[in-house]
Amino acid sequence: MSFERTQEKLKILADAAKYDVSCSSSGSKRSNTNKGLGNATGMGICHSYTEDGRCVSLLKILLTNHCIFDCAYCVTRKSNDVKRAAFKVQEVVDLTINFYRRNYIEGLFLSSGIFKSADYTMERLVAVAKKLRLEENFNGYIHLKSIPGASDELMREAGLYADRLSVNIEIPTTAGLKKLAPDKKREDFIKPMVKVKNEIIQYKAEKKIIKSTPKYAPAGQSTQMIIGASGENDFQIMQTSNHFYKNYNLKRVYYSGYVPISYDERLPQIGSAVPMLRENRLYQTDWLMRFYGFDVSEILNAQHQNLDLDIDPKLSWALRNLHQFPVDINTADKRMLARIPGLGMRSVHKILSARRFRRLNWDHLKKIGIALNRAQYFMVCDSNQFERRDLSSEKIKGLILQNSKSKYQKTLSNQLSLFA
Amino acid sequence: MKDKNLIYDGTFDGFLSAVFIVFEQKLKSVGIQNAFTIQNGLFSENETIITDEQKANRVWKGLKSKLSSTGSYQLYYTFLSEKEGIENILLDYIKYAFSKVKLVDKDFSHSSVLKVAQIAKSVGREKHRMEAFVRFRLTKDEIYFSSIEPDFNVLPLILKHFKRRYADQKWMIYDIKRKYGLFYDLEKVELIHLEFPEQFDFTKTDGNYFAEQEFKFQKLWQDYFKSTNIESRKNMQLHIRHVPKRYWKYLSEKQPD
């Protein structure tokens, strides 16, 4: 293969793949037992970070950016006038292996535009993964896209070689999808997702009886939604997300602030800002749901359909539920500790361990590394100093904002001045 | 100021041998110092400790029964930080551990325990960074070579990771600061010391030493790194927090064109 041609293809097909945010390379259990190349056990590694601060852990490319669909939000849509290219299967294999050997990456993330048909495309994605595993003895991480509408047989095969499979639902509501991607149907996204889910359940059950059952997508499956393209509110987005976590056993739902790439009048125009702060708040909510024991309806419901931008969702919840505070750090259970604003799960575990030795006071908590700036209004500890004033929610919020500097200060003050 | 200073040879076994002496002779006002970074106290007496593997093993075994598995690896990690005066914090930690019946390594309101946990965390972070930031370059004699300059002495900690991952290629990771490296010859990993040509520039890929295809893959990687960036989300502050500037000179993707 000519170097220049590969170089050009890589530029085009990496550029087109970058809007997929997933870069996770963790959670697989593929250890190097055959003296081959690579080892994907447990923890993932971010080998570098782009200038936008996102992790680079996988070689993230499209097999091709030729596509028969015309989804308004997508750069590779049929009607967009961009350079098109397609990799050969062997080219992707060579790039992956050579990047991996130099410790640039944890593995491959392969997606594709849809050419000819769903199955035709899926077949090629599977061919790359198969070649890497069987011919190159590669044990690194492979993330394949499930092409909407792909057949069950292909999805079955894909999971045998890939660590993770994902299909992006992109638009949080069916109505939005209809507007922006009229050729696509929700069912087409759901079909491969259901197949993968069932295969994983079956694999786990068989594995208990027969230890040598071949692995099936050991790192599970994930999906992605675009934020701010089709007018949904945070309540709708998180409900959809919750639905997918609960019903399809997803490992992750990713939220991707819409980067304007077209002059289509159904969408935010080129030049308008990427909703990065909103994206951040959605991820925080996602974490509260998955790790902090919150139910999504506690944070977002019919009364609170959007997340506050100026404070984090946990603080916002606490301010609406002041009757549950203050919490005594030395006696409260784990569930309630996790609900104190300014306490992450790491701090919670440290407190639980440390308080077995002695009662903790402000000094201990400060050294352990708790964000007392927020936490102090919601807790008491082994000290006669605590917040005695009966402060209202607004007052507490004001005090906290006064004494903190958000990394989003600039974004926030811009947004405020819009309404001034 | 301590009355007595125990001087050890800089190895972990040497340090543990010194700890053994502290307990054996019931020394109260005592400090432990590395022979290579020694600072003399005006009125203190120095005693050089001979590294004794058996004594070291006894201390280590005792510690393992007094600490959780996390606690004992934190102790080792903290030792590898090579921070000034770290031996004395560790000694305090060890004394505290031996004085209690309960496991103490989670007692984060004790100052030495918290300190050890914190330093171990930064050493752990450096270990993880090295697993991420090592960039191999293929030499003419088919060895994947990488040079690093970590803040802490993490080579012993990353050995296992690289051995498991790159089982089918010869590789070498060289710590320029500490002048030793790891070499894997497809069978085992060895500690090595190397002499480099006087003019050798670790940050350059010199055609005299490196394979021809090496340049191509570096170029492809640099291109990929640029193409995968989203310009409208640019956030250099975040970028630098994740990839601190001191590491840039050994990262292929951060080399000037």
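Brief remarks follow.
- Helix B:12-24 vs. chain B, principal-axis angle (Cα, 0 to 90°, nearest 10): 10 degrees
- Prolate/oblate/rounded label for the range B:4-124 (Cα gyration tensor, a/c 1.5): prolate
- Proximal lysines to A:Lys184, defined as alpha-carbon separation beneath 21 angstrom and excluding residues fewer than eight positions away on the same chain: A:Lys78, A:Lys116, A:Lys145, A:Lys195
- Straight-line cross-link reach from A:Lys405 at under 23 Å between alpha-carbon atoms covers these lysines, not counting any fewer than eight positions away in the same chain: A:Lys314, A:Lys366, A:Lys367, A:Lys395, A:Lys397, B:Lys234.
- Three-way shape label, chain B, alpha-carbon gyration tensor, a/c 1.5: prolate
- Of the beta bridges in chain A, as assigned by DSSP with both residues counted there, near 20 percent are antiparallel.
- Of A:Lys350/B:Lys121; A:Lys60/A:Lys83; A:Lys35/B:Lys245, pairs whose Cα-Cα distance is over 24 Å: A:Lys35/B:Lys245
- Residue with peak Gaussian network fluctuation, chain B [Cα springs, cutoff 10 Å], from B:Glu82, B:Glu47, B:Glu195: B:Glu195
- When the Cα atoms of the protein assembly as shown are aligned to their principal axes, the ranges along those axes come out at 84, 74, 57 Å in descending order.
- Rounded tilt (10° steps) of A:234-248 against the dominant C-alpha axis of chain A: 60 degrees
- Karplus (6.51, -1.76, 1.60) ³J(HN,Hα), θ = phi - 60°, over the range A:70-76, in Hz, Gly and Pro reported as x: 10, 7, 4, 7, 9, 5, 8
- Here the Karplus curve 6.51 cos²θ - 1.76 cosθ + 1.60, taken at θ = phi - 60°, turns the phi angles of the range B:211-224 into couplings of 5, 5, 5, 4, 5, 5, 5, 5, 5, 4, 5, 4, 4, 4 Hz, with x standing for Gly and Pro.
- Its Cα gyration tensor gives the range A:277-364 an equivalent ellipsoid; the semi-axes, largest first and in whole Å, are 26, 13, 11.
- Note on the range A:208-283: Rg/Rh from Cα positions, Kirkwood definition for Rh, rounded to two decimals, is 1.16.
- Comparing B:His128, B:His239, B:His161 in a Gaussian network model of chain B, where Cα atoms under 10 Å apart are tied by springs, the biggest mean-square fluctuation is seen for B:His239.
- Expressed to the nearest 5 percent, the antiparallel share of DSSP beta bridges inside the range B:134-247 is 70 percent.
- Over the residues of chain A, the helix contribution to mean residue ellipticity at 222 nm works out to -12500 deg cm²/dmol, using -39500 (n - 2.57) for each DSSP H run of at least 4.
- 0 to 90° range, to nearest 10: angle between helix B:155-165 axis and chain B longest Cα axis: 50 degrees
- Per-residue Karplus couplings for the range B:106-118, computed as 6.51 cos²θ - 1.76 cosθ + 1.60 with θ equal to phi - 60°, are listed in order as 9, 7, 6, 8, 8, 5, 5, 5, 5, 4, 4, 4, 6 Hz, Gly and Pro entered as x.
- Between A:Val327 and A:Met379, A:Val380, the built amide H atoms are under 5 Å apart, and every one of these is 5 or more places off in sequence or on another chain.
Throughout, read-outs are computed from the coordinates displayed, never taken from laboratory work. Keep in mind that this is a model prediction, so the values were computed, not measured.
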